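The values are calculated or read from the model by the stated rules, or taken from the named source; none is laboratory data. Keep in mind that what you see is a predicted model, and the values were worked out from it rather than measured. Cβ placement follows ideal geometry from the backbone for every residue including glycine, while neighbour counts extend to all protein chains displayed.
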Amino acid sequence: MKRLLPLFFIVLCISAFSQNLNKKIGRVFKLPSKVTSADYLPNIIIVKYKTSVSSSVILSANSKFALKSANIVSVSAKFPSQSQVLSSAQTVPSNSSASSNQTTATDLSGIYEIKYSGPEKIEDVINELLKDESVIYAEPKYIYHTNYNPNDPSYINSTQSYLD
């Protein structure tokens, strides 16, 4: 048993150092194997920054957000009118100590849609964005499809046209 303890300690130390090495390498985005170019809009990326960044800063060529592999054509905030939306993600402390109800909020102000031009693959542009530490995530603008067919015979026979 005493011989196994040092061996266990060595394995534990090696695994701890290997986790730190993975963090230094950085994040890499790869499209899932079944996703094709028909599943997302070309040259459009959804990006969330840690802090709220103005569109003009992202668009400027001299900013730290500028891309080297592609030209940014436009930047638009996905939720321009709301900086916070209620959810269960973060707890916002209440000012009144008598109230036990707490509201929760998620900040949506850092989510942008970036349109770019250039021949670069979308994976390469996303990986360039992910090198920046202020980027929380970046992904293509996926096209969502519904996969549900109603089992209502009146809907299938088109007698409920008001549902279309």
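Brief remarks follow.
- Checked against (1) charged (D, E, K, R); (2) surrounded by 10 or more Cβ atoms within 10 Å (Cβ to Cβ); (3) modelled with pLDDT of 90 or more, residue 107 meets all criteria but (3).
- Considering the stretch 135-158, and only residues there that are among the β-branched types (Val, Ile, Thr) and surrounded by 10 or more Cβ atoms within 10 Å (Cβ to Cβ), the residue that is modelled with the lowest pLDDT turns out to be 156.
- Among residues of the stretch 139-164 that are under 18 Å from residue 45 (Cα atoms), those with a beta-carbon under 6 Å from a residue that is assigned to a strand (DSSP E or B) and of a type in the set (A, V, I, L, M, F, W, C) at least six positions away or on a different chain give the pairs 139/46; 141/41; 141/44; 141/46.
- Residues satisfying the stated conditions in the stretch 128-164, i.e. farther than 30 Å from residue 108 by Cα and either in a loop (DSSP other than H, G, I, E, B) or touching a helix residue (DSSP H, G or I) at 6+ places or on another chain (Cβ under 8 Å) (or both): 149, 150, 151, 152, 155, 157, 158, 159, 160, 163, 164
- Test result for residue 56, at pLDDT below 85, over 30 Å from residue 35 (Cβ atoms) and not in a helix (DSSP H, G or I): no
- Top-ranked residue in the stretch 23-45 [being surrounded by 10 or more Cβ atoms within 10 Å (Cβ to Cβ) and in a helix (DSSP H, G or I); ranked as modelled with the highest pLDDT]: 39
- With respect to the conditions (1) modelled with pLDDT under 90; (2) of a type in the set (A, V, I, L, M); (3) under 25 Å from residue 80 (Cα atoms), residue 114 lacks only one, and its number is (1).
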